[in-house]
Every structure is written in C-alpha cells, then in structure tokens.
1. Please go through (1) polar (S, T, N, Q); (2) within 13 Å of chain A (Cβ to nearest Cβ); (3) within 16 Å of ligand 4 (Cβ to nearest atom) for B:Ser222 and return the number of the only condition it doesn't satisfy.
2. Just for the stretch B:10-31: of the residues that are assigned to a strand (DSSP E or B) and among the polar types (S, T, N, Q), which one is farthest from ligand 2 (Cβ to nearest atom)?
3. Any idea how many residues of the stretch B:1-23 are over 18 Å from B:Gly60 (Cα atoms) and either small (Gly, Ala, Ser) or surrounded by fewer than 18 Cβ atoms within 10 Å (Cβ to Cβ) (or both)?
4. Residue by residue through the stretch B:143-166, note down the ones that are within 16 Å of ligand 4 (Cβ to nearest atom) and at the interface with chain A (Cβ under 10 Å from one of its Cβ atoms).
5. Can you pull out the residues in the stretch A:64-85 that are on the phi < 0 side of the Ramachandran plot and touching a strand residue (DSSP E or B) at 6+ places or on another chain (Cβ under 8 Å)?
6. Please identify the pairs in which a residue from the stretch B:67-81 that is closer than 22 Å to B:Val33 by Cα and part of a helix (DSSP H, G or I) has its Cβ atom under 7 Å from the Cβ atom of a residue that is of a type outside the set (Asp, Glu) and modelled with pLDDT of 95 or more, counting only partners at least 6 apart or on another chain.
7. Just checking, which of B:Ala180, B:Ala211 is in contact with a Phe, Trp or Tyr (Cβ under 6 Å, 6 or more places away or on another chain) and within 16 Å of ligand 3 (Cβ to nearest atom)?
2 protein chains.
Amino acid sequence: MLIGAIEAGGTKFVCAVGDENGNILQKTSFPTVSPEDTLASAKQFFSSFEMEALGVGTFGPVDLNKNSKTYGSILNTPKTKWRYYPLLEKLQSEYNIPVYLDTDVNTACLGEYYYGAGKHAESCLYMTVGTGIGAGFVGEGKVFQGKNHPEMGHMLLKQHPNDTFVGSCPSHRSCLEGLASGTAIEKRYGRKANLLTHLDEVWEIEAYYLAQGLMNIYVILSPEKMVIGGGVLKQERLYAMVREQFMKLLNDYLEVNDVDELIVPPKLDDEQAVKGSIALAVKNKR
Amino acid sequence: MLIGAIEAGGTKFVCAVGDENGNILQKTSFPTVSPEDTLASAKQFFSSFEMEALGVGTFGPVDLNKNSKTYGSILNTPKTKWRYYPLLEKLQSEYNIPVYLDTDVNTACLGEYYYGAGKHAESCLYMTVGTGIGAGFVGEGKVFQGKNHPEMGHMLLKQHPNDTFVGSCPSHRSCLEGLASGTAIEKRYGRKANLLTHLDEVWEIEAYYLAQGLMNIYVILSPEKMVIGGGVLKQERLYAMVREQFMKLLNDYLEVNDVDELIVPPKLDDEQAVKGSIALAVKNKR
Ligand SMILES: Nc1ncnc2c1ncn2[C@@H]1O[C@H](COP(=O)(O)OP(=O)(O)O)[C@@H](O)[C@H]1O
Ligand SMILES: Nc1ncnc2c1ncn2[C@@H]1O[C@H](COP(=O)(O)OP(=O)(O)O)[C@@H](O)[C@H]1O
Ligand SMILES: [Zn+2]
Ligand SMILES: [Zn+2]
C-alpha cells in the first residue's frame with residue numbers, strides 16, 4: 001500500500017510517498033509559492049505513484065472543525081495568496097483518493113508517536129520551540145482536538161526572578177511563546193539565539209520557562225512522553241537543563257519514573273510531519 | 001434499573017440510589033470513620049435496594065492505574081485508618097454487582113457533564129476551589145485520565161502585580177492552588193475568606209488567578225464548558241470577574257463565542273459527585 005504525504009509549510013512544501021509503516025520511499029521539496037503553482041508541483045511529483053490515501057500536515061491557521069463549512073481551509077494568514085484557500089477541498093478534487101488533513105505540529109506529533117520517540121507510549125506530547133512555540137498531543141492513537149484547537153504555546157507562566165523581559169507575544173506578552181520562543185530570546189538580548197551560545201544565563205532562563213511549560217502540561221494532560229524539538233533545541237544542553245528544572249519545579253508532587261525517558265528529543269529529525277501525515281492517512285483509512 | 005452511588009469524602013460519606021437518568025430516589029450521609037464501620041453503614045443503607053451496579057467517587061490520593069496491583073486502593077493519605085485501604089476490592093467483594101470507581105472531582109465532573117451545566121457540551125471541565133483546588137475533564141463521554149492522573153490545581157502561574165504573597169502550596173508555593181485556594185486566601189490575609197467579602201482587592205486578585213488557571217486549561221484542553229464551584233465560589237460575584245479577566249488575558253487570541261456560556265457555575269449543587277457516580281456506573285455498564 002502506497003501512501004502520499006504533504007508537509008505544507010509556510011516556506012516550503014515537502015511531498016513524500018511511503019508505506020504504511022512510515023518508511024519513506026521517495027521525497028521532494030519545493031518553495032511554497034501561490035496555491036495553484038505549489039499544488040501543481042505536488043501533483044507532478046505524485047503523478048508517478050499509485051497511492052491509496054493522502055495525509056497532509058499544514059501550516060495554519062486552518063479550520064479543523066469538521067462541522068464547519070470551511071473545514072480544511074486555511075484561515076486568516078499573513079500569506080495573502082493562501083488566505084481562505086480551501087486546501088482540503090482542492091486536494092480532494094485533484095486526487096481521487098481519501099485525503100486527511102491536520103496541522104503541521106499535530107502531524108509531527110503523530111509521526112513521533114507512531115514511528116519515533118513516542119513509539120511505545122500510550123500518549124505523547126510534541127512541542128516545537130522555534131520562531132514560535134506550538135504543541136500537539138496524541139493519546140490512544142488520536143490527536144487531541146478539543147472544541148477549538150489547543151494553542152499550548154500561549155499559556156501564561158511565572159516570571160523567572162532574574163528576567164525583566166516583558167515578553168514578545170503581541171497578544172499576551174509573557175506567555176510561554178512570548179518568553180521562550182526563538183523570537184523571545186532574540187528580543188530579550190537583541191541578538192540571534194545561535195549567537196548567545198556562550199551565555200549560560202540565556203539557557204538557564206530558557207530551561208526554566210520550557211520546564212514550566214512542560215510542568216503545566218504534565219499536571220493537565222499527564223502525557224507518557226514529552227518530545228521537544230525545533231530550532232532552539234539545537235542548543236542540545238537544554239535537554240538536561242530542562243529535565244533538571246522540571247524535577248525541581250514539580251518537587252516530587254507527582255511521581256516521575258525516569259525524567260530522561262519522559263522529556264526527550266525527537267527521533268525523526270525533519271521528517272516528523274511527513275511521517276505523521278502518512279500515519280494520519282493510514283490510521284484513518286483503517 | 002437501580003444504580004447505587006457513593007461519594008466517599010474525607011469527612012463524610014454520601015450514599016444514594018438512583019435511576020439511569022441521574023434521578024436520585026433515596027440518599028443518606030454519615031461521617032467518615034474507620035473503613036469497616038463506614039462501609040457497614042453504607043451496606044445497611046443499600047441493603048434494601050436491588051441495584052445493578054455501584055459507582056464510587058472517592059477522596060484521594062487513590063490508585064487509578066488499571067494495570068496496578070493496588071488499583072482502586074487509597075494511597076498515602078493523612079487519614080491513617082484509610083491508608084492503603086483496598087476500597088474497590090472491598091466493595092466488589094461485598095456487593096455482588098459491578099463496581100466502578102474514580103476520584104470525587106472526576107465523578108463531580110461526570111455529574112455536571114451528563115446531568116448538569118455541561119449537559120449539552122462535547123467536553124467539560126469541572127474545577128472546585130475550596131480548601132484546595134482540583135479539576136477533572138470529561139470529553140466524548142469519558143473522564144480524561146492520562147498516564148498519571150491530572151493535578152491541574154498545581155500548574156504554575158504568573159504573579160499578580162499587586163500580590164506579594166509567596167503562595168501556600170507546600171510543594172510549589174505559588175501554583176494555582178497555592179495562590180487561589182481558600183487556604184491561600186486565608187494565609188495571604190490572615191483571616192477566613194468569608195470574612196473578607198468587603199475587600200474588593202481580595203476578589204480582584206482571586207479572579208485574576210482563577211482566570212489565568214482557566215486560560216491555561218483553555219489553551220491546552222480547549223473544553224466547551226468550564227464549570228467552577230467549591231466554597232470560594234460562594235462569593236458569587238467572582239463569576240463575572242473571572243469571565244472579564246479571562247477575556248482580558250486571552251486578548252482575542254482564540255475565539256470565544258460567549259464567555260457567559262463558557263465559564264459557568266455548577267447546576268447540581270452538592271449532588272455532582274453522587275450523580276456523577278451514577279453516571280460512571282451507567283456508562284460503564286453499557
Ligand atoms: N543553534 C541554535 N541555537 C539556538 N537557537 C537556534 C539555533 N538555531 C536556530 N535557532 C532559533 O530557532 C528559531 C527557528 O526555529 P525553527 O524550528 O528552525 O523554525 P520555525 O519555527 O520558523 O519553523 C529561530 O528563532 C532561531 O533563533
Ligand atoms: N462565603 C464564602 N466566601 C469565600 N470563601 C468561602 C466562603 N465559604 C467558604 N469559603 C472557603 O471555601 C473553602 C472550603 O471549600 P469547600 O469546597 O466548602 O470545602 P473543601 O474544599 O474542603 O471540600 C474554605 O477555604 C473557605 O474559606
Ligand atoms: Zn501568547
Ligand atoms: Zn502546588
């Protein structure tokens with residue numbers, strides 16, 4: 001069984017064809033331009049394969065309410081050409097197979113859950129810390145959706161005692177994203193995050209906020225695995241620092257068997273979303 | 001079909017018999033003493049009814065891990081007579097019918113979801129703000145459990161600018177419970193919460209923390225209803241204040257149709273947990 005997958009990113013599209021175990025047989029990528037031209041490039045790549053289903057992980061905001069008339073459409077995005085574009089509908093009419101769609105972070109979470117760091121877990125959180133902070137949660141095989149959709153990057157946090165930064169989130173100032181995204185780090189120090197490697201304080205504060213975000217998720221969702229990735233986590237020492245802060249903040253209130261197994265890096269490198277899109281299609285087809 | 005229900009509280013037991021629509025036919029309550037004597041009183045009450053199942057909402061901590069050898073046992077509680085008491089096992093061997101058990105806050109949530117303020121909602125949060133702060137979440141008819149169990153009262157929050165109180169939680173100091181429980185209010189001002197009615201600042205700060213807690217839950221779980229109750233909410237003006245703060249903190253980031261319908265008081269008064277225990281038994285039996 002061949003499955004098609006699209007990671008529809010704001011800057012590039014990744015298209016792949018894989019088997020139902022998440023093995024990628026062929027893959028390509030190209031820049032995201034207008035919807036018509038971008039989907040034409042995708043069509044060209046997929047035309048030489050006979051696929052049984054297509055899974056899509058898209059940038060957002062996207063309408064994921066199945067009862068909505070605009071289900072599967074991109075919503076009000078700064079990328080004007082894509083604004084209100086009925087992505088799912090267009091793909092469904094172009095390919096004569098079932099098409100399944102979710103956000104890029106949710107498909108990334110599905111990827112890690114089925115084929116990566118969360119493979120043997122009942123439930124798995126995936127959080128990406130990059131320009132912004134986004135997270136998805138999969139439990140019992142399904143992406144957790146809620147009434148609206150979760151926006152975990154915007155929870156409010158306790159300020160670090162040595163941090164006077166007001167926060168970079170235009171809506172909430174000092175939410176998790178406003179305090180700990182790559183953007184927040186750059187605004188706090190006036191330099192790109194990757195140029196701050198030598199400053200211990202930067203990463204202490206960063207670990208404190210990430211640990212706090214994970215702790216709040218832990219007391220609310222209680223996931224078995226928490227996978228954190230994205231550009232900021234290229235600072236690999238953050239993993240040990242986040243784990244230490246997490247245990248310190250939690251302060252034995254809930255049992256944690258082994259924090260090294262609870263808070264982990266992704267295993268699928270840049271292929272989470274594409275592999276997760278395969279999983280999305282495979283699991284829904286069944 | 002008659003269903004038995006027990007709300008096993010730390011200070012009193014409530015026993016009831018009801019029908020499968022949550023209507024209570026008869027109810028009694030008595031103080032929680034030793035497990036043997038308390039269960040004997042329960043047995044006496046139930047002996048005149050022919051029940052098909054029994055639902056139990058218990059005080060905690062309780063082992064809810066179905067794979068655990070001590071599933072359904074009370075864990076390490078300050079109530080020494082109940083420490084490690086195998087509540088579920090004892091009830092199962094005493095009554096020759098299926099017995100289902102969850103925490104008191106989870107059954108309270110089930111009660112509001114099936115028969116109360118969350119009746120027509122897909123998903124419902126129930127938060128009780130009393131001596132401590134506890135919350136349960138029901139989605140698609142099921143209590144959300146997670147790997148451990150959620151302990152939402154212990155999420156960390158941003159401090160109110162005018163609040164210098166360090167927080168009352170022995171584990172985290174300024175978590176939600178440490179900042180906004182009845183205990184926190186009493187420690188912050190040195191007087192019982194119900195004696196502070198005339199001080200606006202008390203309730204402004206209280207509303208700010210409750211709204212923050214609800215916002216963090218909203219961005220993580222996205223429930224359709226958020227029911228808040230418990231002793232502190234006897235201060236009824238808090239509902240309007242919490243809604244206002246919630247909208248202010250969320251700052252239009254996520255759409256909220258009608259906050260008056262999102263954040264609501266309970267509808268079942270003191271019968272949430274007992275009615276929810278009925279629901280627990282009815283839904284599991286099916
Ligand atoms: N080596 C690094 N150390 C710390 N931060 C980094 C590093 N490399 C990139 N970043 C930060 O990661 C962010 C980009 O994250 P990334 O996940 O790659 O992109 P996006 O979130 O846009 O998809 C930027 O804010 C950048 O400053
Ligand atoms: N009228 C009131 N206004 C504000 N707080 C109150 C009021 N009545 C009780 N409380 C507070 O509620 C808490 C008890 O909550 P309750 O839900 O009744 O009990 P518990 O949490 O122990 O089950 C106490 O901390 C008390 O100060
Ligand atoms: Zn924000
Ligand atoms: Zn706490």
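1. Unmet condition: (3).
2. Looking at the filtered set, the residue picked out is B:Gln26.
3. Residues in the stretch B:1-23 being over 18 Å from B:Gly60 (Cα atoms) and either small (Gly, Ala, Ser) or surrounded by fewer than 18 Cβ atoms within 10 Å (Cβ to Cβ) (or both): 10 in total.
4. If the condition is that a residue be within 16 Å of ligand 4 (Cβ to nearest atom) and at the interface with chain A (Cβ under 10 Å from one of its Cβ atoms), then B:Asn148, B:His149, B:Pro150, B:Glu151, B:Met152, B:Gly153, B:His154, B:Met155, B:Leu156, B:Leu157, B:Lys158, B:Gln159 are the ones that fit.
5. A:Leu64, A:Ser73, A:Ile74, A:Leu75, A:Trp82, A:Arg83, A:Tyr85
6. Note: pairs meeting the criteria are B:Lys81/B:Ser34; B:Lys81/B:Pro35.
7. The conditions single out B:Ala211.
For every residue, the table says whether it meets (1) crowded, with 23+ Cβ neighbours inside 10 Å; (2) within 16 Å of ligand 4 (Cβ to nearest atom); (3) in a helix (DSSP H, G or I).
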{"position": "B:Tyr208", "(1), (2), (3)": "yes, no, yes"}
{"position": "B:Ala211", "(1), (2), (3)": "yes, no, yes"}
{"position": "B:Met215", "(1), (2), (3)": "yes, no, yes"}
{"position": "B:Ile228", "(1), (2), (3)": "yes, no, no"}
{"position": "B:Leu249", "(1), (2), (3)": "no, no, yes"}
{"position": "B:Glu255", "(1), (2), (3)": "no, no, no"}
{"position": "B:Lys275", "(1), (2), (3)": "yes, no, yes"}
{"position": "B:Ala279", "(1), (2), (3)": "yes, no, yes"}
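The values are calculated or read from the model by the stated rules, or taken from the named source; none is laboratory data. Treat the numbers as computed from the prediction; the structure is a model and nothing was measured. Cβ atoms come from the backbone with ideal geometry, glycine included; neighbour counts cover every protein chain shown.
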